1. Which residues, counting only those in the range 92-125, are assigned to a loop (DSSP other than H, G, I, E, B) and of a type in the set (Asp, Glu)?
2. Only residues in the range 203-229 that are over 18 Å from residue 288 (Cα atoms) count as the first member; pair them with residues that are part of a helix (DSSP H, G or I) and at pLDDT 60 or above, Cβ under 6 angstrom, at least 6 apart or cross-chain, and list the lot.
3. With (1) touching a Pro at 6+ places or on another chain (Cβ under 7 Å); (2) more than 30 Å from residue 58 (Cβ to Cβ) as the list, and residue 174 as the residue in question, which single condition is left unmet?
4. Out of 240, 252, 224, report the one residue that is surrounded by 17 or more Cβ atoms within 10 Å (Cβ to Cβ), among the acidic types (Asp, Glu) and more than 21 Å from residue 128 (Cα to Cα).
5. Are there any strands (runs of 3 or more DSSP E) wholly within the range 188-302 with 3 or more residues that are touching a helix residue (DSSP H, G or I) at 6+ places or on another chain (Cβ under 8 Å), and if so which?
6. Quick check: is even one residue across the range 111-119 within 30 Å of residue 60 (Cα to Cα) and touching a Pro at 6+ places or on another chain (Cβ under 8 Å)?
7. Report every pair of residues separated by at least 6 positions or lying on different chains whose Cβ atoms are under 7 Å apart, first residue within the range 74-98 and modelled with pLDDT under 70, second surrounded by 12 or more Cβ atoms within 10 Å (Cβ to Cβ).
8. Among the candidates 274, 260, 234, which residue alone is modelled with pLDDT of 95 or more, under 13 Å from residue 166 (Cβ atoms) and either surrounded by fewer than 16 Cβ atoms within 10 Å (Cβ to Cβ) or polar (S, T, N, Q) (or both)?
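The values are calculated or read from the model by the stated rules, or taken from the named source; none is laboratory data. Values in this document were obtained by computation on a predicted structure and should not be read as measured data. Cβ sites come from the backbone with ideal geometry, for glycine too, and all protein chains shown count toward neighbours.
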Amino acid sequence: MENRKDFLSCLDSDMSLKILTCLDDPADLVRVCCVSRSWRHYVIANGLCKKLCLRIFPQLSRVAFVVELNQHGAKELAEVGSSSSVEWLVQQREHRVYAYLGRALMSSVAMNCIAKTVGASSTDNFPQESIDNTLEPRDHISGRYSYWSSDGQSNPNVPETLTYELVSQICVITEINIQPFQAHFQIGSPIYAARSVRFKMGHAKASLDAVDDEMFSWTYTSPEFPMSQENRLQKFKLPEPVLCIGGILQIELLGRVQRQEIDGLLYICVSHVQVLGGSLSPAFNADILDPSGNFVLKRDQMANCQPVITSGNESQEISAEHRGLRDFRNIVTILRGQVVGIGEDDWDEEEYEIDDFEEEYAL
C-alpha cells in the first residue's frame with residue numbers, strides 16, 4: 001500500500017478519459033467513484049455516466065435537462081453563491097440521474113408493454129373485428145373468433161397501421177411479436193398475413209381522439225421485416241433495444257398477400273400483438289417539450305420497490321392500473337447494483353451522494 005499510485009494523476013486528461021470511456025457497465029463507473037474523491041470528481045466533471053447512457057441509447061440525445069423529484073437538496077442549489085458551485089451541483093445531479101438510469105437500462109426485463117390500443121387505420125367490421133381483439137392471446141372468446149381485420153383493397157400495396165399506447169412514457173422495447181389470423185371458417189383456411197412489417201415509436205402531439213399520422217411525432221423507425229404466411233406468433237427482434245420516449249408504438253403492415261374468395265379483395269388480419277421490453281416508470285418519467293421529441297428526464301427518488309419480472313404472456317384483461325402497480329416493482333435494479341462488488345449500501349441514496357467516501361468503499 002505504501003507504493004500505491006493514482007494512475008489517473010500520471011496521465012493526461014485525454015488519455016484518462018479514453019480509458020474510462022471504455023467501461024460499458026454503469027456499475028463499473030460507480031466503482032470508479034468509490035476509489036477516491038479525485039476519481040469521483042473526475043467521473044462527475046466529465047459526465048461519464050451520461051456519455052455511457054448515450055452510447056447505449058442514442059434516443060437520450062433529446063434530453064433537454066434532468067430533474068430529480070423529492071430532491072432534499074433542491075433548496076441548497078438555489079442558495080449557492082458562485083456560478084462554479086451551481087455548475088458542480090448540476091453536474092452531480094446529472095451524474096446521479098444517469099447512474100441510476102444506466103442501471104435501469106442495463107437490467108434484463110421481459111414484459112408485455114402494451115397498456116391499451118389507440119386505433120387502426122381501418123377496420124372491416126367494427127366492433128367485431130376491432131384492434132382491441134389483438135390484445136387477447138386466445139383465438140376464441142365465448143365461441144367467437146378474436147382478431148382484427150382491415151378493410152378490403154384491390155391494390156396489394158395499400159398499407160395498414162395498428163397503434164398502441166405503452167405502459168409508460170419511457171420504455172425500453174426489444175421485440176414486437178405478431179400473430180397473423182387464419183380464417184378456418186373460410187374455404188382453404190387462408191392466412192391473412194402482411195408481406196412485411198415495420199415499427200415506429202414516438203409521442204402524441206395532441207389528444208388521442210382519432211388515429212391520424214399527423215397527431216404523432218416519430219423519433220424511431222425500424223428496418224422492414226419480412227412476415228411469414230403462417231398462423232403463429234412471429235417474433236421481430238429489433239437490431240438494438242430502443243428507448244421509446246412518449247409511449248406510442250405503431251405497427252406498419254406493408255403489402256397484402258391473401259385475397260378473400262367471397263369478394264375478391266385483399267385483406268390483412270391479426271390475431272395477437274405483443275410488445276416486449278420494460279417500463280422505467282415510476283422511477284423515471286419524461287415530459288415532451290416540443291414536436292421534435294426533446295424532453296425533460298425526471299427521476300423520482302421515492303420510487304424504490306422490488307420488481308416482478310413477467311413472461312409477457314399475461315392476459316391483456318389486466319387493467320392499466322394493475323400494470324402500473326406491477327411495473328412499479330420493476331425498478332429496484334436502478335437502486336441496487338446486482339453485480340459482484342456492489343451491494344445495497346453502495347447504492348444507498350445518502351451514501352452515494354457524499355463527497356467523502358470512506359476507505360471501505362474503495363475497490
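1. Filtering the range 92-125 down to residues assigned to a loop (DSSP other than H, G, I, E, B) leaves 107-110, 113, 121-125.
Once the filter is applied, which keeps residues that are assigned to a loop (DSSP other than H, G, I, E, B) and of a type in the set (Asp, Glu), the range 92-125 yields only 124.
2. Correct list of pairs: empty, since none qualify.
3. Looking at each condition in turn, residue 174 falls short on (2).
4. On the way: 240 fails: surrounded by 17 or more Cβ atoms within 10 Å (Cβ to Cβ); 224 fails: surrounded by 17 or more Cβ atoms within 10 Å (Cβ to Cβ).
It is 252.
5. Values: elements: 194-204, 216-221, 234-245, 248-256, 269-279, 284-288, 295-300.
Output list reads 234-245, 269-279, 295-300.
6. The initial filter retains those residues of the range 111-119 that are within 30 Å of residue 60 (Cα to Cα), namely 111-119.
Next cut, touching a Pro at 6+ places or on another chain (Cβ under 8 Å) only: none.
No, the range 111-119 has no match at all.
7. Note: pairs meeting the criteria are 77/86; 77/89; 80/86; 80/89.
8. Details: 260 fails: under 13 Å from residue 166 (Cβ atoms); 234 fails: under 13 Å from residue 166 (Cβ atoms).
Criteria check complete, one pass: 274.
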